[in-house]
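Encoded as structure tokens, the structure appears first; notes follow it.
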Amino acid sequence: MLEKITRGKNKSILVIILLLVFSSFVIASIFQSITQTDFNLGTYNNTFYNSTSGINAVQINLSFNNGTYTSQIYNTGSNVTFNNLSWTYQRLQCPAGMVYINKLNGYCIDQYEASVWINGVWNSTSNTSTWASATWTQSAIATGAYANSTPNVYPWVYVNQTDARLACQRAGKHLCTDAEWLAAANINGSVYNLPTGADTNNKIPAGSIDATACVQYEANDCDWANSPGAGDACMTGSHSNCVSAEGVYDMVGNVWEWTNETVDTIAPGASSAWYYFNGTGFQTSTSSATTKYGNDGTYFLGNSNAGRAVIRGGYWSNGASAGPFCAHLLHAPTDTYNDIGFRCCSS
């Protein structure tokens, strides 16, 4: 009897040891790579880390159709096929001429500045230097003109904020909000990663948009023989380097773009002028404190001015003041000029 009990105990001890060994093996096989810090230890292409609560995962950048991610602890070493792999696919399908922006819960934005379309065709009348005026826009709106996003055409200018809203609505979209516009306005970078450089005249300080990338210095950029309204706008998408990481063109320079906002502005100073943000407030000159925002300017009217519409990005002659953070708080929503256009968004 004693011998049987001892043998039983030995078997129990053996089972416990085996369980401990197996448990140790399982624990040693569990690795976690779920934080931004973990993600940054790896190498990746067309993927991003989604830090949204409840997700915390590496995802394919939804502006692309594929992506790769190799971490320090997970590397197949070659192409492999996974069986019994399941996932949830939640890509917003953007219409033609728009691209997906993976911010603000995801939305689509026009790839190009809006142009004038009537009855499914780009209005070729707009390809002349004299066509554009507020009166012409009203006539076009009356005949059903709507906004479209397409390359190699002139942008729609001499359009006020109200008509820009209507033109977007007719296209099944909406005039981009200020937040949507800014969220998409990065040039050759995923998050406002601005290229640096200076033009031949050293007009652009280090840290700002390169003069060769976007339409900011009119003497260097386009042949304006046919620019609308005797202005100096280039055709949409004509500067291949003036593009965001998601593929949005001309958000810096070319023409100002209406956003769907009005504000009551109070200038940081007594006079109307360009002001530059230094991280805590605005100043009237650029400095090392303003280079983090590319020395992009915000134009304020002196004193308080109610109901100013927000336009962004700068236009063909703003130079270094143009950029993703550039804003102009001068115009009323009813104003029209040959240097103000727009683009549309959809959610």
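Quote to one decimal, in nm, the extra length available between residue 121 and residue 292 on full extension: 0.36 nm per residue of separation minus the C-alpha distance between them. Could you put the intermediate results ahead of the total?
Values: separation 171, 0.36 × 171 = 61.56 nm, distance 4.22 nm.
Once the chain is fully extended between residue 121 and residue 292, it gains 57.3 nm.
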For residue 330 and residue 284, extending 7 Å from Cα along the Cα-Cβ vector and measuring point to point gives, in nm, a value of 1.6 nm
What are the semi-axes of the equivalent ellipsoid for region 232-324, taken as the square roots of 5 times the Cα gyration tensor eigenvalues, largest first, in whole Å? 25, 17, 11
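Read-outs throughout are calculated quantities, based only on the coordinates presented, and are distinct from any laboratory measurement. No experiment lies behind these values; they were computed from the predicted model shown. Methodologically, a virtual Cβ is constructed for each residue, glycine included, from the backbone with ideal geometry; neighbour enumeration extends over all protein chains shown.
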